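One structure is given below, encoded as structure tokens.
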Amino acid sequence: MVSMLPTRTDDSRSQADILPNLLASLRPETALQTPRTLPGIPLRPVESTILIVVDGLGAQQLRAAKPYARFLTAMKFPTLQSVFPSTTAAGLTAITTGAWPGQHGLVGYEMRDIERGRIVNGLTGWDDHMQPEIWQRVEPLFERARREGLHPAAVGTGRYAESGMTRAILRGATYVPADRIAERFDRAASLAATPGALVYLYVPELDQIAHRYGVAHDRWLAALEDLDTEVRKLHGRVGPKVGIALTADHGIVDVPEHAHILFDRDPELIAGIGLIGGEPRMRHLYFTEDAGAERRAATVARWRETEGERSWVLTRDEAIEAGLFGPVDPEVEPRIGDVLVAARKRIAYYDSRPSDQSSRGMVGQHGSLTEDEVLVPWITLGAWAPPGRG
């Protein structure tokens, strides 16, 4: 029996709702349909917009670190929910396409390429057999924005300028490289001075620090403080016709080493399993072709028996029926694990068999359905600042 999943109501808004609303604020007369209204104040029409996406800055972590983010937390802010899984490949793609993973196809950090019988990495695994323009199946909304006469731009670090992920999710936007956070904010402000600018500003540093040190570490708090300063300066710099919004792709939980679960140590948990994808807090497990129905049922039952108290264990069909991935295209369905294991407690699942165990050095982790991982901030500034915001 599946443990009860967290409730998502029709009122829940996700990252997939963001860019449709920003486009509507820039070109309300060309909106194909009225987007689902985002929480907080309505996004009134503006001349230009800046969307700040801070990788890994969950709403819970931001609230807990209020002394280091006095500007961002000066007023209560609403939240959005990340798509599932709560991981960068799925979340950033949802933001830039307006689609859920079941449609855009990036259903995890690592997932199955069924044609070649391999596991591919949704962030770094792009190659000739995993072409960004094909594997990511939904047109980025920046392409539509350009067709409508807008000026989409993406400001990020230089290392991502030519990456496969950039081609997959930022097509249509002019990529503007800037390695330092302050420089990125400066570039974004300059771009937004042009009417019709739709600026996507990406901040990966907090996620990178969290993975290595955790969200309670001084380095993470210092990076948050720097971010807070740059957001405050940007808010004061832009004119009254520029809307600013800040959000994230997912939150983070710190998992101590003693909470690592080496699931391969129990042979019954890997019986019939051929490929392992996902990430430590949300595993995709794929059966071999010769694993029969009885074997599959026994493996699922063993996972529920041993891990059901601290994780959600679902079959692919159960996850799709629950709507976790949104509407699922038949082409995307085989990329989803036959069995999904999503952690509820502060634990992480590792396979101790591969020789490379470097990922076990991560402290901050994500991917599952807990509020720490799913809830992301939705903060509006500039022309969209709520009343009373300084």
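The values are calculated or read from the model by the stated rules, or taken from the named source; none is laboratory data. Values in this document were obtained by computation on a predicted structure and should not be read as measured data. All Cβ positions, glycine included, derive from the backbone under ideal geometry; neighbour counts span all protein chains shown. We work out accessible area using only protein heavy atoms, side chains counted, and drop any ligands, DNA or RNA first. Shrake-Rupley method; radii C 1.70, N 1.55, O 1.52, S 1.80 Å.
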Collect the residues in the range 239-252 that are buried (at least 20 other Cβ atoms within 10 Å of the Cβ) and over 14 Å from the mean Cα position of the chain (by Cα), keeping them in residue-number order. V242, G243, I244, A245
Go through (1) more than 21 Å from K66 (Cβ to Cβ); (2) touching a helix residue (DSSP H, G or I) at 6+ places or on another chain (Cβ under 7 Å); (3) of a type in the set (D, E) and name the single condition E279 misses. (2)
Selection from the range 360-390 of residues that are closer than 17 Å to V54 by Cβ and either open to solvent by 40 Å² or more (accessible area, probe 1.4 Å) or in a helix (DSSP H, G or I) (or both): D372, E373, V374
Pairs with Cβ under 6 Å, 6+ apart, first in the range 257-285 and on the phi > 0 side of the Ramachandran plot and at pLDDT 95 or above, second crowded, with 21+ Cβ neighbours inside 10 Å and among the small types (G, A, S): G278/G108
I'm checking my understanding of the structure. Among residues of the range 12-42 that are open to solvent by 30 Å² or more (accessible area, probe 1.4 Å) and outside any loop (DSSP other than H, G, I, E, B), which one is modelled with the lowest pLDDT? T30
Specify which of the listed residues (A385, A301, A348) is more than 28 Å from H211 (Cβ to Cβ) and touching a helix residue (DSSP H, G or I) at 6+ places or on another chain (Cβ under 8 Å). A385
